[in-house]
1. Using label points projected 7 Å from each Cα along Cα→Cβ, tell me how many nm separate Leu96 and Lys384, to one decimal.
2. Give the peptides 156-162, 401-407, 99-105, 256-262 in descending order of average Cβ contacts within 10 Å, highest first.
3. Go through 275-283, 306-314 and give me the packing order, highest mean Cβ count within 10 Å leading.
4. Go ahead and run the numbers for FRET between Lys78 and Asp10, Cβ-Cβ distance against an R0 of 22 Å, rounding to 0.05.
5. Once a ≥ b ≥ c are taken as the square roots of the eigenvalues of the Cα gyration tensor of the range 341-430, is the result rounded (a/c under 1.5), prolate (a/b larger than b/c) or oblate (a/b not larger than b/c)?
6. What is the sum of charges around Tyr132, taking Lys and Arg as +1, Asp and Glu as -1, for the other residues whose C-beta is under 13 Å from the C-beta of Tyr132?
7. About the Cα centre of the range 172-434, what is the dipole size in debye to 20, counting +1 per Lys and Arg Cβ and -1 per Asp and Glu Cβ, all else neutral?
8. Between Val415 and Met228, what is 0.36 nm times their sequence separation minus the Cα-Cα distance? Round to one decimal in nm.
Amino acid sequence: MFEQSFKNIDNILHTDSGSATELDYVEQTSWILFLKYLDDLDEIKKTESALAGKKYKYILDEAFRWNTWAAPKTADGKIDHHKALDGDDLNDFVNLKLFTYLKKFKAEEPNTIEYKIGEIFSELKNKISSGYKLREILNIVDDMHFRLYEEKHELSHLYEAKIKNMGNAGRNGGEYYTPRPLIKTIVKVVAPKIGETIYDGACGSAGFLVEAYNYLTENQSKLSSTQMAILQNNTFYGKEIKSLAYIIGVMNMILHGIEAPNIRHMDTLAQNINDIQEKDRYSVVLANPPFGAGIGREIQQNFPIKTGETAFLFLQHFIKILKAGGKAGVVIKNTFLSNTDNASVSLRKLLLENCNLQTVLDLPGGVFAGAGVKTVVLFFEKGKPTKKVWFYQLNLGRNLGKTNPLNEKDLAEFVELQKTKADSENSWSVDIKDVNQETFDLSVKNPNKSGEVALRDPKQILEEIKKLDQENSSILNEITKQI
């Protein structure tokens, strides 16, 4: 339905001087799609109110509704080009009036769609420099409708594809995109239930929250109105520091069916974890926190284990913010398992003593496009110390990359084996009492990979070198005779 429309919009943005990268394309497409989505949402709710015999109050004032400024219509339902703004008039209206009006919604009650409108339009600006090109885009978007389930479903898939392209777009793209097969697998293993609260303190484009929503809705035959209200209002929570990621995350959740996402635009690490109370805690944590050193001392003071490594601070935050009995699936650099610095050792000790680290999924390189780090996924439950850890090493027999990405089939064996924590060629268990009690080193050492572990006798190696030298010498003699 919409694939060609998305391509046409990208082609227009590509020729506009205000949008330079794939990141800009997603951002600019997002705010226009959002306003069209709002218009369709208004019409759906107006119809529902009429059927219930109630009067409906529109979200936006008439002057700022889609059909007034973006796509005024003639009697036959076509765009009225006499009333439709264009060129500089359109840009002036959008930049000076529309965005100014929408920003004011930030004064509304939090956790409402009105508040989200205010937050989103306080964080971005119209970068489309040509009002004529903006008019072309508005005309394309006006033909896209998001009222039927099939329409919303396709839109959400295409939007995911745009986020994926953005994730592959440049050096910082990986911050925005965790491969969906990996997210789906983590959600499946953690297995959240309706009624539990689900949290991602570094939510980026909200991939974990969206997939958790899909998991909870697809695994139920028929949801009651009470269950749907719980999913809409009291289930999914996120925080994101970067403006673009925040906007995309909110949009992504709205397009997947969560009308007023509980995502906050803030620095998660700025909160002192000692201030986290029971009321602040969540049942489930799903996250892929950013990696990288460079966190200043001021932020480090919020944590008992001081470190400049971002992901290690996030892990402390996640452990603290989980409820007792709460479950987590967290992606982290594989060096976390074996680093010998004080912070790494202390953090492993904290995790093992406060949580039951049930499973470690060891991922191959190339899972994250453009990121040169190897990662593991930690699955743990808070409240009981770890006694035994089950490891699974994902060995694919192929190199991963943009043209050969990770897929769900790759992870099928892991999902099946982790149910019983069975041993296999790729999986094994480690008893914590057998782990060094000073370093708590949890390095991934697969005892079943005999081909990798077995070392040849030095005498054999020397004999082989000698044999190769003799062969080389013989070949050189033959060449010399022919000269």
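Values quoted throughout were computed directly from the atomic coordinates according to the rules given, and no laboratory measurement underlies them. Everything numeric in this text was worked out from a predicted model, so none of it was measured. Note: ideal-geometry Cβ built from the backbone for every residue, glycine included; neighbour counts use all protein chains shown.
1. Rounded to a tenth, the inter-label distance reads 6.6 nm.
2. Details: 156-162: 18.1, 401-407: 12.6, 99-105: 16.0, 256-262: 19.7.
Final packing ranking: 256-262, 156-162, 99-105, 401-407.
3. On the way: 275-283: 12.1, 306-314: 21.0.
Sorting 275-283, 306-314 by mean packing, highest first, produces 306-314, 275-283.
4. Values: r = 25 Å, r/R0 = 1.13.
After rounding to 0.05, the efficiency reads 0.35.
5. On the way: a/c = 2.62, a/b = 1.44, b/c = 1.82.
Here the range 341-430 falls in the oblate category.
6. Working: positive: Lys133, Arg135; negative: Asp16, Asp86, Asp88, Asp89, Glu136.
Cβ neighbours under 13 Å give a net charge of -3.
7. On the way: 29 positive and 25 negative charges, 53 e Å.
The dipole magnitude comes to about 260 debye.
8. Details: separation 187, 0.36 × 187 = 67.32 nm, distance 2.77 nm.
Extra length available between Val415 and Met228 comes to 64.6 nm.
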